[in-house]
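Everything on this sheet refers to the single structure shown next.
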Amino acid sequence: MAKFPEPPDAATLARIVPLTLTLDRGTRLARIYFMGGEYPGRWNGFRHFGPTASRWDHHLLDEHGRPGVQSRGVLYAASGPEAIPTCLAEVFQQRRVVERRIGRPALVGFELAAPLTLLDLTGRFPTRLGASTAMHSGPRPKARRWSRALHEAYPEIQGILYCSSMYGNAPAVVLYERAIDALPAEPHVHRLLDDPALSRTVRIAAAECGYQVTSAPAGRSRSAPAR
């Protein structure tokens with residue numbers, strides 16, 4: 001049996017009791033998003049366009065097999081003491097260079113305003129599903145198909161807890177649109193990556209990843225980050 005097969009249909013998955021984890025109110029999450037460039041966003045904005053190349057996008061393709069704007073949305077973040085290097089490792093993985101100005105990337109930290117129920121894919125549950133932890137590093141199109149099936153099979157989950165394949169399996173999360181009410185009105189940290197106050201933090205975190213740090217001209221364009 002393949003370690004990372006195609007997902008079964010949602011009805012089949014629904015017969016498997018899910019393994020979930022609750023993040024309590026007040027749990028801190030971090031994320032990096034882009035205030036400018038080709039894909040500008042908001043600190044608490046769910047991306048409703050998709051699917052993109054990101055691993056866990058659960059958006060539906062249209063009748064022509066193309067992505068589009070829809071009610072389904074995602075927000076990628078990280079948790080735990082290594083949340084910042086995890087975010088850097090994931091967002092800047094294509095070139096392994098932390099570009100502090102291109103696209104105006106910003107670091108955000110926020111505390112959950114309500115508990116979140118996540119499907120826990122960090123342990124044994126992928127095996128119970130008929131797959132394995134290869135879900136975290138295998139082909140992304142297949143992971144997106146799994147995300148769509150899991151979203152349909154388990155309407156009570158508000159996202160997925162997964163392992164960052166770019167940073168030593170550190171905990172990372174993708175929140176579905178169902179999680180929107182758990183986001184606070186304001187973050188407790190919101191700074192551009194080229195803010196001098198973040199310089200030391202960014203350089204230490206980038207060094208942990210083995211990434212370079214650069215401050216290229218702010219006017220350059222950039223492609224969407226890989227997740």
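Quick look at the values:
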item	result
Members of region 170-187 that are out of contact with any helix residue (DSSP H, G or I) (no Cβ under 7 Å at 6 or more places or on another chain) and small (Gly, Ala, Ser)	ALA179, ALA182, ALA185
Top-ranked residue of region 32-55 - restricted to ones that are outside any loop (DSSP other than H, G, I, E, B) and out of contact with any helix residue (DSSP H, G or I) (no Cβ under 6 Å at 6 or more places or on another chain), ranked as least open to solvent (accessible area, probe 1.4 Å)	GLY50
Pairs with Cβ under 6 Å, 6+ apart, first in region 33-54 and over 21 Å from SER164 (Cα atoms), second open to solvent by 70 Å² or more (accessible area, probe 1.4 Å) and aliphatic (A, V, I, L, M)	HIS48/VAL69; PHE49/VAL69
Residues located in region 99-111, provided they are touching a Gly at 6+ places or on another chain (Cβ under 6 Å) and buried (at least 22 other Cβ atoms within 10 Å of the Cβ)	GLY103
ARG66 within 19 Å of GLY159 (Cα to Cα), open to solvent by 20 Å² or more (accessible area, probe 1.4 Å) and either touching a residue at least 40 places away in the same chain (Cβ under 8 Å) or out of contact with any helix residue (DSSP H, G or I) (no Cβ under 8 Å at 6 or more places or on another chain) (or both)	no
Residues within region 5-30 that are open to solvent by 30 Å² or more (accessible area, probe 1.4 Å) and of a type in the set (A, V, I, L, M), tallied	6
Residue in region 27-42 that is at pLDDT below 95 and of a type in the set (D, E, K, R) present	yes
Filter result for the condition that a residue is touching a Lys or Arg at 6+ places or on another chain (Cβ under 6 Å), at pLDDT 95 or above and either surrounded by 15 or more Cβ atoms within 10 Å (Cβ to Cβ) or acidic (Asp, Glu) (or both), over ALA206, ALA182, ALA114, ALA143	ALA143
Hits in region 156-176 - residues which are within 21 Å of THR127 (Cβ to Cβ) and among the hydrophobic types (A, V, I, L, M, F, W, C)	ILE157, ILE160, LEU161, CYS163, ALA170, ALA172, VAL173, VAL174
Test result for ARG66, farther than 27 Å from ALA207 by Cα, part of a loop (DSSP other than H, G, I, E, B) and modelled with pLDDT of 95 or more	yes
Within region 1-29, considering residues that are of a type in the set (A, V, I, L, M, F, W, C) and assigned to a loop (DSSP other than H, G, I, E, B), the one farthest from the chain's Cα centre (by Cα)	MET1
Matching helices (runs of 4 or more DSSP H) fully within region 76-182 where at least 1 residues are free of Cβ contacts under 8 Å to residues at least 40 places away in the same chain, within 22 Å of PHE46 (Cα to Cα) and of a type outside the set (Gly, Ala, Ser)	140-153
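The values are calculated or read from the model by the stated rules, or taken from the named source; none is laboratory data. Worth saying up front: this structure is predicted, and the values here are computed from it rather than measured. Methodologically, a virtual Cβ is constructed for each residue, glycine included, from the backbone with ideal geometry; neighbour enumeration extends over all protein chains shown. We work out accessible area using only protein heavy atoms, side chains counted, and drop any ligands, DNA or RNA first. Shrake-Rupley method; radii C 1.70, N 1.55, O 1.52, S 1.80 Å.
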